[in-house]
Amino acid sequence: MQKDSNSDAPGTPRLRRRRGSNEVPREVVKANGAHMLVDDRNKYKSMLIRLYSTLWMIGGFAFIIYMGHLYIWAMVVVIQIFMAKELFNLLRKAHEDKQLPGFRLLNWHFFFTALLYVYGRILSQRLVNTVTSDKFLYKLVSKLIKYHMVTCYFLYIAGFMWFILTLKKRRYKYQFGQYAWTHMILIVVFTQSSFTVANIFEGIFWFLLPASLIVINDIAAYIFGFFFGKTPLIKLSPKKTWEGFIGASVTTIISAFLLANIFGRFGWLTCPRKDISAGWLDCDPGPLFKPDYFTVPEWFPSWFPWREISVLPVQWHAVWLGLFASIIAPFGGFFASGFKRAFKIKDFGDSIPGHGGMTDRMDCQMVMAVFAYIYHQSFVAPQNLSVEMILDQIIMNLTFEEQQLLYSKLGQIIQDKMFGES
């Protein structure tokens with residue numbers, strides 16, 4: 001039989017590519033021109049695909065924001081499922097899985113156990129606040145919360161025993177590798193996403209602004225790199241350029257200051273959600289969202305249209321968020337780039353045309369969400385106990401009968417003080 005003229009010569013290493021892998025052969029990269037996006041021959045086609053997907057994502061995101069806290073939380077859960085699926089598949093070997101029926105199901109057992117534990121801890125107090133008016137539901141929810149930790153523990157132990165009982169000879173290394181990989185995924189996905197959900201219920205503002213800044217930084221970096229990128233930024237990500245990085249940083253910081261003024265004027269975005277419901281919110285926005293007025297100096301040009309400028313105090317906090325989003329958060333993307341290079345893949349998945357997988361979009365978002373939560377708790381949230389915080393603890397930790405007893409004792413203490421003062 002005649003040998004194919006395109007086959008590798010003897011002694012030449014053959015290019016290997018896993019079935020279903022996202023890895024791009026080196027020849028394809030070379031045929032496509034230089035690494036710089038400004039020199040990419042197919043850049044306009046890829047830009048249109050990316051633009052189309054971006055518009056759909058922004059439209060869907062805006063609709064979910066309008067629907068409120070509960071729907072945003074549901075969106076985060078869906079994103080977590082997609083990310084877990086992509087990461088589970090990263091080390092999957094089909095020929096090994098065929099010898100281990102039901103082994104994939106074990107990954108999802110651990111995933112949903114972690115889901116129950118994390119959100120049970122975060123949202124338990126708000127769940128109690130939702131059912132306080134119904135005595136039966138209140139008692140039921142109180143019992144569920146009381147035994148929440150032990151329930152999750154035994155679900156995990158059930159998965160642990162399931163894993164041990166399914167161990168097969170000559171498959172030990174693969175199975176233990178998958179077990180460790182699953183736990184690493186759960187740590188990465190849930191540790192950082194839990195901060196995202198905490199931000200949502202502190203006020204949509206503290207979720208929407210950081211998330212928007214990452215999107216703006218990503219788009220600006222792409223545009224500046226697309227038209228002006230010439231100087232490579234980092235070897236881990238060859239298409240990233242200094243021009244894109246600097247242009248995106250300036251754009252993001254300015255956008256942070258301006259967007260905070262816009263978002264901060266809507267009570268729907270600034271009010272914290274104390275329960276799990278979809279009802280409309282109206283609250284006192286607090287001093288951070290009440291404008292300060294500054295008179296424009298006389299030496300300003302006459303064509304400047306405003307003689308007085310209103311600035312929300314939260315805008316100065318937004319500048320710090322913008323600095324982090326533009327300078328530090330991109331390192332989450334660099335980390336993901338290095339990770340993909342280690343596994344010789346182009347993207348984590350292909351669920352978003354022009355963008356890759358869900359994990360490709362969330363790398364910087366997860367880093368940003370953690371910082372936004374820590375910043376809010378350290379510099380924005382009140383550090384002293386407030387009446388609302390004490391009431392929340394009473395509602396969460398005391399039974400209905402204990403609350404009645406506290407009410408009567410507190411009334412007696414106040415009455416005694418009033419008589420003592422008179």
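The values are calculated or read from the model by the stated rules, or taken from the named source; none is laboratory data. From a predicted model like this one, the values you see are computed outputs, not experimental measurements. Using ideal geometry, Cβ is built from the backbone for each residue, glycine included, and neighbour counts are taken over all protein chains shown. The protein model used for the area step is the full one, side chains on, heavy atoms only, and it has no ligands, DNA or RNA in it. Shrake-Rupley method; radii C 1.70, N 1.55, O 1.52, S 1.80 Å.
If you average 1/r over every pair of different alpha-carbon atoms in the stretch 267-404 and take one over that average, what Kirkwood value in Å do you get?
Values: mean 1/r = 0.0502 Å⁻¹.
Kirkwood hydrodynamic radius for the stretch 267-404: 19.9 Å.
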query: Against the longest alpha carbon principal axis of the chain, how many degrees, from 0 to 90 and to the nearest 10, is the axis of helix 242-263 turned?
result: 30
- prompt: In whole Å, how far is the Cα centre of the stretch 348-422 from that of the stretch 159-190?
  reply: 35
query: Measuring from centroid to centroid over Cα atoms, what is the spacing of the stretch 261-304 and the stretch 70-126 in Å?
result: 38
query: HN-Hα J couplings of the stretch 202-217 from phi, Karplus 6.51/-1.76/1.60, θ = phi - 60°, integer Hz, Gly and Pro as x?
result: 6, x, 4, 3, 7, 9, 5, 5, x, 5, 5, 5, 5, 5, 4, 4
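Give Lys85/Lys230; Lys169/Lys346; Lys98/Lys344; Lys85/Lys235; Lys290/Lys409; Lys93/Lys235 a once-over and call out the pairs whose C-alpha atoms are over 32 Å from each other. Don't skip to the answer; put the middle values down first.
Details: Lys85/Lys230 36 Å; Lys169/Lys346 34 Å; Lys98/Lys344 24 Å; Lys85/Lys235 28 Å; Lys290/Lys409 38 Å; Lys93/Lys235 30 Å.
Checking Cα-Cα distances, Lys85/Lys230; Lys169/Lys346; Lys290/Lys409 exceed 32 Å.
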- request: Could you work out which residue, out of Gly177, Gly247, Gly267, moves most in a Gaussian network model of the chain, that is, has the largest mean-square fluctuation with Cα springs under 10 Å?
  value: Gly177
query: With Rg and the Kirkwood Rh both taken from Cα atoms, where does Rg over Rh land for the stretch 180-223?
result: 1.14
- request: Could you state the orientation-averaged shadow area of the convex hull built on the Cα atoms of the stretch 359-422, in nm² to one decimal?
  value: 7.4
query: If you build a Gaussian network model of the chain, linking Cα atoms that sit under 10 Å apart, which residue out of Val131, Val296, Val197 swings the most?
result: Val296
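Ordering Trp320, Trp280, Trp73 from largest to smallest accessible area (1.4 angstrom probe), what's the sequence?
Trp280, Trp320, Trp73
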statement: Within the chain, cysteines having no neighbouring cysteine beta carbon under 4.7 Å are Cys152, Cys364
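Can you bin the stretch 52-134 into rounded, prolate or oblate? Criterion: square roots of the alpha carbon gyration tensor eigenvalues sorted a ≥ b ≥ c, rounded for a/c under 1.5, prolate for a/b above b/c, oblate for the rest.
On the way: a/c = 4.24, a/b = 1.39, b/c = 3.06.
Oblate, because a/c is 1.5 or more while a/b does not exceed b/c.
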field: In Hz, Karplus ³J(HN,Hα) per residue of the stretch 333-341 (6.51, -1.76, 1.60; θ = phi - 60°; x = Gly, Pro)
entry: x, 5, 4, 5, 4, x, 4, 5, 5
task: Choose one answer from Ser337, Ser133, Ser351: the residue with the largest mean-square fluctuation in a GNM of the chain with alpha-carbon springs under 10 Å.
output: Ser133
- request: Quick one: angle between helix 69-90 and the longest Cα principal axis of the chain, in degrees between 0 and 90, rounded to 10, please.
  value: 30
field: Surrounding net charge for Leu140, when Lys and Arg each add one and Asp and Glu each subtract one, Cβ distance under 14 Å
entry: +3
Positive-pole candidate from Ala325, Phe339, Trp299, dipole of the stretch 290-346, charges at beta carbon: Phe339
Residues with amide H under 5 Å from that of Thr241, placed H, sequence gap 5 or more: Leu233
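Provide the gained length on full extension for the span Leu398 to Trp242, in nm with one decimal, where the gain is 0.36 nm per separating residue minus the Cα-Cα distance.
Details: separation 156, 0.36 × 156 = 56.16 nm, distance 5.64 nm.
Separation in residues times 0.36 nm, less the Cα-Cα distance, equals 50.5 nm.
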Angle in degrees between helix 148-165 and the longest Cα principal axis of the chain, rounded to the nearest 10: 20
message: Using 10 Å bins from zero, what percent of all Cα-Cα pairs in the stretch 158-279 falls into each bin?
response: 11, 23, 22, 21, 17, 6, 0
